[in-house]
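Have a look at the structure below before the remarks.
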Amino acid sequence: MICVGPRLRAVLGTFTPYLGNPVLGPTGDGWQSANVYNPAAVVHDGRVVLLYRAHAADKVSRIGLAASDDGLHFEREDEPVLEPTEDYERFGCEDPRVTLVEGTYYLTYTGWDRSTPLLCLATSTDLRTWTKHGPVLPELDTWQTLPWAVERRGTRPHNKAGGILPVQVGGRWHMYVGEGAIYHATSSDLLAWTVGDSPLVEGRAGMWDEDLIEVGAAPVVVGDRVVLLVNGARITSIDDLLVDYRCGQIAFALDDPARVVERGNEPFLQPSTPEERAGLVPNVTFVEGLVRFRDRWFAYYGQRDTTTAVAVSDG
């Protein structure tokens, strides 16, 4: 039986947006001069490190690195740590999520060629030098079960947003993947992945995540649960594809990461400030980073695809 409601939100506590938001924004006249948003997050050498998406007016995304001693004030490096080098990503390395496993960082990101977005994988031991392993699930279409999406775009490969569980369960590694609907994938080596035929989680009629749901930050283990932050949306205009994005939480059983045990009815974060109401894509709070740091949870999110913010929980 799937439980819903406030008990799930208590797993990570109540998130409060930082009053000093945004924590990162556009800077200079180069590769991060227009938009800086949607970061992955990890604790490395006692600091919070963000791997963030940024681009200039050309909208070709690269991934930069910024670090903080308190999780709120960041120093960024001048050059990107990951940028397009391959045909499948020639117009952007987008929307990273990161998981640390036994000294190696596994970074999932979207390779964009302005035709087909594909979930890609890269690995590193220092967060700066990355080895690319290419598209992970090149045939998967995570929009295939959404009638409005099929009518608009047909059926073809489209997949992004991968969150890897940092522990093995049942001798396998597990990943949640998908925009539109969320699928469950497994691996023996963290590099080659097999995905299920049907969605694990879909949107709910009449709810804030009615029209699509997407993996947010990489999952975390809390007690006997796997907690996954997600992004959900309702589409306010199909013709113009205007979308209102909010952030929620789902809990899976740790002994069976494909089994949903709780799903909250209400988002824990939604557009509420001018920075979230108007920008490159208006009405967006989009979470992609979550860390436990100094006994608090820090959730990092993009504001209308333009700036980066954080919400903090003492839970």
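The values are calculated or read from the model by the stated rules, or taken from the named source; none is laboratory data. Quick caveat: nothing in here was measured; it's all calculated off a predicted structure. Backbone-built Cβ (ideal geometry, glycine too); neighbour counts: all protein chains shown.
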### Query
If we only count strands (runs of 3 or more DSSP E) wholly inside region 250-315, which ones have 3 or more residues that are surrounded by fewer than 24 Cβ atoms within 10 Å (Cβ to Cβ) and not hydrophobic (A, V, I, L, M, F, W, C)?
256-263
### Task
Might you let me know whether region 88-95 holds any residue that is at pLDDT 95 or above and closer than 30 Å to residue 262 by Cα?
yes
### Query
Would you call residue 162 in contact with a Pro (Cβ under 9 Å, 6 or more places away or on another chain), small (Gly, Ala, Ser) and surrounded by 23 or more Cβ atoms within 10 Å (Cβ to Cβ)?
no
### Summary
Expected output for region 204-219 (first residue within 24 Å of residue 40 (Cα to Cα), partner aromatic (Phe, Trp, Tyr), Cβ below 7 Å, 6+ apart or cross-chain) is 215/176; 219/176
### Task
Select from region 126-176 the residues that are of a type in the set (Gly, Ala, Ser) and on the phi < 0 side of the Ramachandran plot and list them in ascending order.
149, 162, 163
### Task
Sort out which residues of region 168-180 are surrounded by fewer than 22 Cβ atoms within 10 Å (Cβ to Cβ) and in a loop (DSSP other than H, G, I, E, B), and write them in order of number.
168, 170, 171
#### Entry: Selection status of residue 56, of a type in the set (Gly, Ala, Ser), touching a residue at least 12 places away in the same chain (Cβ under 8 Å) and farther than 24 Å from residue 264 by Cβ
yes
### Query
Looking at region 229-239, is at least one residue touching a Phe, Trp or Tyr at 6+ places or on another chain (Cβ under 7 Å), surrounded by fewer than 18 Cβ atoms within 10 Å (Cβ to Cβ) and part of a loop (DSSP other than H, G, I, E, B)?
yes
### Task
Mind listing whichever residues of region 181-201 are surrounded by fewer than 17 Cβ atoms within 10 Å (Cβ to Cβ), more than 28 Å from residue 103 (Cβ to Cβ) and not hydroxyl-bearing (Ser, Thr, Tyr)?
196, 197
### Query
Which ones in region 205-222 are assigned to a strand (DSSP E or B) and within 15 Å of the chain's Cα centre (by Cα)?
212, 213, 214, 215, 220
#### Entry: Residue that is surrounded by the most Cβ atoms within 10 Å (Cβ to Cβ) [pool: residues in region 73-100 that are part of a strand (DSSP E or B) and over 18 Å from the mean Cα position of the chain (by Cα)]
76
### Summary
By residue number, the members of region 265-301 that are farther than 15 Å from residue 218 by Cα and of a type in the set (Gly, Ala, Ser) are 272, 278, 279
### Residue list for region 132-159, filter: of a type in the set (Val, Ile, Thr) and either buried (at least 17 other Cβ atoms within 10 Å of the Cβ) or under 20 Å from the mean Cα position of the chain (by Cα) (or both)
136, 142
### Message
Scan region 249-264 and tell me whether some residue there is of a type in the set (Val, Ile, Thr), within 16 Å of the chain's Cα centre (by Cα) and modelled with pLDDT of 95 or more.
### Response
yes
### Message
Suppose we filter 114, 76 for residues that are under 22 Å from residue 42 (Cβ atoms) and either touching a strand residue (DSSP E or B) at 6+ places or on another chain (Cβ under 9 Å) or without any contact (Cβ under 8 Å) to a residue 60 or more places away in the chain (or both); which single one remains?
### Response
76
### Query
Would you pick out the residues in region 60-75 that are more than 24 Å from residue 112 (Cα to Cα) and either out of contact with any His (no Cβ under 8 Å at 6 or more places or on another chain) or β-branched (Val, Ile, Thr) (or both)?
68, 69, 70, 71, 72, 73, 74, 75
#### Entry: Test result for residue 57, aliphatic (A, V, I, L, M), modelled with pLDDT of 95 or more, exposed (fewer than 14 other Cβ atoms within 10 Å of the Cβ) and more than 15 Å from residue 301 (Cβ to Cβ)
yes
